[in-house]
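The values are calculated or read from the model by the stated rules, or taken from the named source; none is laboratory data. The structure displayed is predicted, hence computed values, not measured ones. Glycine gets a Cβ as well: all are built from the backbone with ideal geometry, and neighbour counts include every protein chain shown. SASA here: full protein model, heavy atoms, side chains in, ligands and nucleic acids out. Shrake-Rupley method; radii C 1.70, N 1.55, O 1.52, S 1.80 Å.
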Amino acid sequence: MSGERLIYLPLGGAGEIGMNAYVYGYGKPGKERLMLVDVGVAFPDMDSSPGVDLILPDLSWLVENLDRLDGIVITHAHEDHIGALGHLWPLLKKPVYARKFTASIGRLKFEEAGLPLDAIHTLEARPAAVEIGPFTVQFLPMPHSIPESSGLIIDSPAGRILHTGDFKRDPSPIVGEGWDDAMLEAVAAETPVKAMMCDSTNVFSLNPGRSEASLAEPLTELIRGASGMVVATTFASNVARLKTLAEAARAADRSICVLGRAMKRMVSVAEETRVLTGFPRVVSPEEALEIPRRNLMLLVTGSQGERRAASAALSRGKYLGFEMKQGDTFLFSSKTIPGNECGVYKLMNAYSEMGVNVVDDNNGKYHVSGHANRPDLEHIHRIFLPDMLVPMHGEHRHLREHVRIAHEAGIAGIVATNGMMVDLTGDVPKVVQHIEAGRVYLDGTAQIGSMDGVVRDRIRLALNGLVMVTIILDEQNEPLGEAWVELMGLPAIGLGERPLTETLEAELTEFLERASGKIISDDDKLDEALKRIVRQVAMEEIGKKPEVRVVISRLTAE
């Protein structure tokens, strides 16, 4: 073991919530055999990534060291852990290991992308294990807000790692395995845990987490007391919540109709893999339209205000024949993810204007988190008593607070954000290398680097508007006609109520008539001069300096 080391390298998910991708390695420095845990996505916003479809981790370092990568493990089927697998697996082409439900979701993604389904291997929970290079890996069942979420027991020649994945302390999660202190204590008694990589999402939540089972009564009471049609939205992947809502609807003598492709797919896969049983009968949209409104509940996608989801479609009018009416109830059985507030509030206001009663999570009455709160984090620390703790799945403030709590308990800890390679071999973790860990944007079907300038140009165009200038010059470099100007994203009228295009065209044409031959004959100098004039005039006329594109067409003698 002399000269070999155990390393941890987050490429996503550390210093942010989302886009999880963690690398573990063991071997001589620079020659470690590697394993990747999770390949997730983050979601774009109009401020920093307009028009982008998804944000993926930049795996360039891993691709450069591809001969050292032995496999990929997926802890669960949330998009921030599995969402990039279909997009980035072609760069890696290594075997993927997951539990049954997660593997089924992964194969659906591979099928859509035309990738080989046999690259994804199903592994049962412990004691089943798989050898991935120098690591022996077992799935440790941990309750979360999706079926079969698992932590990882990772045994290496340098000691045992516990990678918690996303988890909550819930003995009655409705769907999937519950929290089991006895089982976890048995695991802790097997082998000391050298390092724990731990979920940090709710480290600032000071009260113990609540069980999914606690929602059944208030949801049933709410739905039973509603007068018109009830529509409920939650995360499509929260199969336990869907079952809780459906059972509450059934108890209130309401039929259930599911709208939204993602939600239908999750329920279908959960039933096929037998992690979901006893789900109330679902009626088709056609059947639902024949049912009295007071006896119907719709389960719909779009809890985060997504523009294309069923909840947004209903807020704009009719959707598949359904229409919200005054006195109906719309329930958000979910928490609004920071950054999505505008979209969610837009939905709420649209429904309010229709006379619909909008109900949100009501300070936890109709929603519980899928992540461990601070007392629950402290509880798992006490169970495993790791030599060191490296927080993950959190912004920098979450990681720093988690380390502070570990230090108070006498556990060594370190804040390691994306790109920081940590040596876990000694008594305390230490950063030994910094790797470039950026982002890749999925823009339509193209993958572009976050530093490529594409999105930066898009933001500049959105902020400043665009002026297109076209001029035509003959063989003697004389202008043929006037300069032609087109505007995009700019006011049409400038000072004095004169059209901005006319003002710009007049100024540009005047310049061309008096410009020296040295400028007219040089495309670069002419381009620069025309842009300068456009920006100066625009600033005077409308108070903005727009982006400018110049097209110079020169006629040549045949």
Using alpha carbon centers only, segment 116-155 is separated from segment 425-479 by a whole-angstrom value of 38 Å
Computed over the chain, the relative contact order (Cα-Cα under 8 Å, seq sep at least six) in percent reads 15 percent
On the formula 1/(1 + (r/R0)^6), with r taken between the Cβ atoms of GLN536 and ARG400 and R0 of 51 Å, the FRET efficiency rounded to 0.05 is 0.60
Per residue, the convex hull enclosing the alpha carbons of segment 447-558 has a volume in Å³ of 124 Å³
Beyond 26 Å (Cα-Cα) in this structure, taken from LYS100/LYS243; LYS31/LYS109; LYS168/LYS194; LYS525/LYS545; LYS100/LYS168, we find LYS31/LYS109
Placing +1 on each Lys and Arg Cβ and -1 on each Asp and Glu Cβ in segment 75-201, then taking the dipole about the Cα centre, the residue among PRO157, LEU184, ALA125 whose Cα reaches farthest towards the positive end is PRO157
log10 I(q)/I(0) for segment 246-389, Debye formula on C-alpha points only (no solvent), q = 0.09, 0.21 Å⁻¹, two decimals, reads -0.36, -1.45
Given Cβ charges of +1 for Lys and Arg and -1 for Asp and Glu, the option among SER145, ASN418, SER255 whose Cα lies farthest towards the positive end of the dipole of the chain is SER255
When every protein chain stays in place and a 1.4 Å probe is rolled, ASP376, ASP387, ASP67, ASP527 sorted by accessible area with the largest first are ASP67, ASP387, ASP527, ASP376
Rounded to the nearest 10 Å², the accessible area of LEU117 using a 1.4 Å probe with every protein chain kept is 80 Å²
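To the nearest 0.05, how large is the calculated FRET efficiency for VAL432 and ALA125 if R₀ is 51 Å and r is the Cβ-Cβ distance? The partial results should precede the final answer.
Numbers: r = 33 Å, r/R0 = 0.65.
My answer for the efficiency is 0.95.
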Answer in debye to the nearest 20: the dipole magnitude of the chain about its Cα centre, from +1 Lys/Arg and -1 Asp/Glu charges placed on Cβ, is 1540 debye
Of all DSSP beta bridges with both partners in the chain, the antiparallel percent, nearest 5, is 50 percent
Measuring from its Cα centre, segment 190-305 shows a charge dipole (+1 at each Lys and Arg Cβ, -1 at each Asp and Glu Cβ) which, in debye to the nearest 20, is 140 debye
Restricted to segment 48-153, the DSSP antiparallel beta bridge percent, nearest 5, is 55 percent
Of the residues PRO499, SER516, LEU487, the Cα lying farthest along the dipole of segment 482-531 towards its positive end, which is defined by charges on the beta carbon of Lys, Arg, Asp and Glu, belongs to SER516
D (µm²/s, integer) via Stokes-Einstein for segment 120-264, Kirkwood Rh across alpha-carbon pairs, 25 °C, 0.890 mPa s: value 139 µm²/s
Shape descriptors of segment 88-180 over alpha-carbon atoms, Rg and Dmax in angstrom, are 14.3, 40
Here the convex hull volume per residue of segment 320-436, taken over Cα atoms and given in Å³, is 167 Å³
Taking R0 as 60 Å and r as the Cβ-Cβ distance between LEU385 and LYS325, the FRET efficiency 1/(1 + (r/R0)^6), rounded to the nearest 0.05, comes to 0.55
For segment 283-322, the dipole about the Cα centre with charges only on Cβ (Lys and Arg +1, Asp and Glu -1), to the nearest 20 debye, works out at 240 debye
Reported to the nearest 10 Å², PHE235 has, with a 1.4 Å probe, an accessible area equal to 60 Å²
In the list [x] 22, 56, 22, 1; [y] 19, 42, 26, 12, 0; [z] 21, 51, 24, 4, 0, the entry giving P(r) over Cα pairs in 20 Å bins from 0, in percent computed from the coordinates is [y]
Quick calc: nm separation of the 7 Å Cα→Cβ label points for ARG308 and THR470 -> 3.3 nm
For segment 469-555, averaging the sequence separation of alpha carbon pairs under 8 Å that lie six or more residues apart and dividing by its residue count, the contact order in percent is 39 percent
Here the alpha-carbon Rg of segment 241-297 over 2.2 N^0.38 Å rounds to 1.12
Taking only protein heavy atoms and a 1.4 Å probe, the highest-to-lowest accessible-area order of VAL23, VAL282 is VAL282, VAL23
Once normalised by the length of segment 4-146, the mean sequence separation of its alpha carbon contacts under 8 Å that are 6 or more apart gives a contact order in percent of 18 percent
Here the gain from full extension of ASP181 to ARG456, 0.36 nm per residue of separation minus their alpha-carbon distance, amounts to 94.1 nm
